[in-house]
Structures are given as structure tokens and as C-alpha cells.
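What follows is a set of notes on a single structure, which appears directly below.
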Ligand code: ADP
Ligand code: MG
């Protein structure tokens with residue numbers, strides 16, 4: 001039987017915007033030793049600004065329109081931001097054959113031409129030589145029918161409460177904070193340094209993130225728990241692999257909210273330390 005105080009703990013957490021899907025996760029939260037974060041939408045806002053457009057031959061506006069068309073059907077924060085930057089109405093009937101390449105980008109048909117929009121890994125996979133970009137930010141390449149068309153540079157910002165969230169975790173005894181990202185090494189390192197994270201692993205595909213979490217689970221002590229926090233886009237496998245899967249509720253996809261054990265309704269990473277404190281308090285009442 002579940003002690004009554006667990007319901008009290010779950011109720012208290014829910015009033016703070018933290019949904020905990022069972023007493024066993026409250027117990028695990030109290031033992032949190034390692035917290036692993038996804039980057040985009042979790043530690044960063046997931047709202048990108050287009051900071052530069054570098055076409056190879058077309059006009060800047062044409063390259064941006066092509067990228068926005070290719071991103072018509074994607075739910076990724078990068079796709080939303082590129083459509084927002086384009087601003088005008090898109091004739092999505094021109095776009096067919098949509099293939100999402102998770103952790104890499106998208107491939108679609110626009111007016112019957114094959115358009116690929118994504119990162120270095122995607123360009124490598126389709127065998128296209130790209131021009132390296134030396135600007136700070138995430139590079140989004142565009143290729144049409146096997147020809148390199150140029151790239152956009154986009155940049156995100158860390159969430160306002162992210163640095164406090166990391167400090168609060170350390171203050172309540174969490175031993176290790178880690179960030180996993182599919183983004184470039186330089187972008188990952190920049191965010192990790194700003195936030196004071198212990199480790200960062202970049203350029204990961206969704207399956208690589210599961211491998212990293214398994215490595216980190218092996219490094220966690222037998223009584224300690226590992227929490228993974230994600231916004232949900234492609235994160236369902238990692239969320240279920242962790243001892244505690246925590247999803248950002250407002251940004252998160254339905255699949256992520258389903259796969260998660262804990263949902264943060266307002267997407268604030270600082271709520272994780274609060275959840276741990278509520279869990280510990282509940283346990284001290286139960287015992
Ligand atoms: P994160 O690990 O930061 O949450 P993802 O795993 O979702 O990021 O994506 C990793 C990388 O894949 C992005 O930084 C971007 O380079 C590329 N990418 C993913 N989806 C898209 C998309 N729809 N359009 C362009 N690039 C994308
Ligand atoms: Mg993500």
C-alpha cells in the first residue's frame with residue numbers, strides 16, 4: 001500500500017506545477033544523483049533568431065523562403081523559428097514527400113525538387129560538400145537536388161532560470177549535471193559554460209543520447225537515481241530509459257508527456273530542485 005503522505009507530496013507538487021505520476025517516482029526523485037538535460041527547449045528557450053543568411057547564388061529572401069517551405073510540416077523548434085523569420089504566408093501545397101531526419105533536419109519535395117535542410121551530419125549523409133561557417137550559432141544548410149544552396153545561422157538563448165536551476169541542484173546535493181545535444185560542439189560548450197554544467201556531449205543523434213544515458217546510469221551509485229529532462233521532440237526513448245523521465249509540459253509533445261514520469265507544466269528547469277525538495281520532505285514524513 002502507498003502511504004498517505006505520498007498523496008500529500010504528489011498534491012503539493014501538483015500545486016507547484018509539477019505532475020508526478022506515482023509514489024515510486026517521488027521516492028526516486030528524493031535519491032536524485034545525476035541530472036541529464038536535453039538542450040533545445042529544455043535549458044534554452046527553443047526560440048531561434050535567424051542571425052545571418054549566406055546564399056551561394058540566390059537572393060537571401062529566396063533562400064529563406066526555400067528553407068521555410070521545407071520546414072512547413074516540422075514541429076521542431078528550429079522549423080518554427082525559420083517559418084517565423086520568413087514571416088509571410090507559405091503555399092504548403094508545393095511541399096510533398098516530407099521526411100523528418102531526427103537530430104539532423106528534414107528532406108522534402110518542393111515543386112518536385114528534393115530539398116534538404118539541416119546540419120553537417122545531414123549534408124554528409126546526402127554527400128554534399130558545405131561551406132563551414134565561422135559565426136557563433138547553429139548552422140542550417142540548404143541543398144536542392146544535390147546542389148549546395150547556402151546556409152542560415154540561427155541562435156537560441158538560455159532560459160532565464162537555467163543557471164539558477166543548476167546552482168539549486170548542486171545545493172540540494174545532486175552530484176553531476178550533464179547536457180546532451182544534437183547541436184554542434186561549439187554551441188553545446190558555450191551553453192554548458194554559461195550554465196556551469198559538469199559535462200556536455202554534443203553532435204548526438206537520438207540513439208546516441210540513449211547510449212550516453214546508459215553510460216551515465218552505470219556511473220550512478222546503486223541507491224542513486226538518474227533523471228533525464230527533455231522537451232520531448234525525439235526524446236521519448238531517453239525519457240523512458242532514465243530512472244526518472246521529466247518532460248517540459250508546455251513545449252513538450254504528447255508522446256513525451258506520455259513517456260514521462262514527471263511533467264513540469266511551466267517548462268522551468270528550476271522546478272526540478274523544487275521537486276527533489278518536495279520528494280525529500282514527503283519521505284521524511286513517511287518514515
Ligand atoms: P537538441 O539535442 O539540442 O534538443 P535535436 O536533437 O532536436 O536538438 O536536433 C539536433 C540538431 O539537428 C539541431 O541542432 C539541428 O542542427 C538539426 N535539426 C533537427 N531538426 C531540424 C529541423 N527541423 N531543421 C533543421 N535542422 C534540424
Ligand atoms: Mg531536443
Among (1) farther than 18 Å from residue 197 by Cβ; (2) modelled with pLDDT of 95 or more; (3) outside any helix (DSSP H, G or I), residue 124 falls short only on (3)
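Quick check on this structure: which one of 191, 200, 178, 262 is more than 14 Å from the chain's Cα centre (by Cα), outside the structural domain of residue 78 (by TED's automatic domain parsing) and at pLDDT 95 or above? Steps first, please.
Numbers: 191 fails: more than 14 Å from the chain's Cα centre (by Cα); 200 fails: more than 14 Å from the chain's Cα centre (by Cα); 178 fails: more than 14 Å from the chain's Cα centre (by Cα).
Going through 191, 200, 178, 262 in turn, the sole match is 262.
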Within segment 60-78, residues being within 13 Å of ligand 1 (Cβ to nearest atom) and free of Cβ contacts under 8 Å to residues at least 40 places away in the same chain number 4
Considering residues that are within 15 Å of ligand 1 (Cβ to nearest atom) and either surrounded by fewer than 24 Cβ atoms within 10 Å (Cβ to Cβ) or in a helix (DSSP H, G or I) (or both), the number found within segment 236-258 is 8
Going through segment 204-235 in order, the residues found to be modelled with pLDDT under 95, in a helix (DSSP H, G or I) and within 11 Å of ligand 2 (Cβ to nearest atom) are 206
Filtering segment 177-202 for residues that are in contact (Cβ under 8 Å) with a residue 60 or more places away in the chain and touching a helix residue (DSSP H, G or I) at 6+ places or on another chain (Cβ under 8 Å) leaves a count of 9
Given (1) more than 20 Å from residue 45 (Cβ to Cβ); (2) in contact with a helix residue (DSSP H, G or I) (Cβ under 6 Å, 6 or more places away or on another chain), residue 205 misses just (2)
Residues of segment 26-47 being at pLDDT 95 or above and over 20 Å from the mean Cα position of the chain (by Cα), in sequence order, are 28, 29, 30, 31, 32, 33
Quick check on residue 214: is it within 26 Å of residue 254 (Cα to Cα), out of contact with any strand residue (DSSP E or B) (no Cβ under 9 Å at 6 or more places or on another chain) and free of Cβ contacts under 8 Å to residues at least 12 places away in the same chain? no
Those residues of segment 100-144 which are more than 20 Å from residue 157 (Cα to Cα), in contact (Cβ under 8 Å) with a residue 60 or more places away in the chain and more than 10 Å from ligand 1 (Cβ to nearest atom) amount to 131, 144
Exception for residue 122 within (1) in contact with a strand residue (DSSP E or B) (Cβ under 8 Å, 6 or more places away or on another chain); (2) farther than 17 Å from residue 52 by Cβ; (3) surrounded by fewer than 21 Cβ atoms within 10 Å (Cβ to Cβ) falls at (3)
Yes or no: segment 96-110 includes at least one residue that is over 21 Å from residue 130 (Cα atoms) and in contact with a helix residue (DSSP H, G or I) (Cβ under 8 Å, 6 or more places away or on another chain). no
**Request:** Kindly establish whether residue 56 is surrounded by 22 or more Cβ atoms within 10 Å (Cβ to Cβ) and touching a residue at least 40 places away in the same chain (Cβ under 8 Å).
**Result:** no
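The values are calculated or read from the model by the stated rules, or taken from the named source; none is laboratory data. Note that the structure is predicted; figures quoted are calculated from it, not measured. Ideal geometry is used to build each Cβ from the backbone, glycine not excepted, and the neighbour counts take in all protein chains shown.
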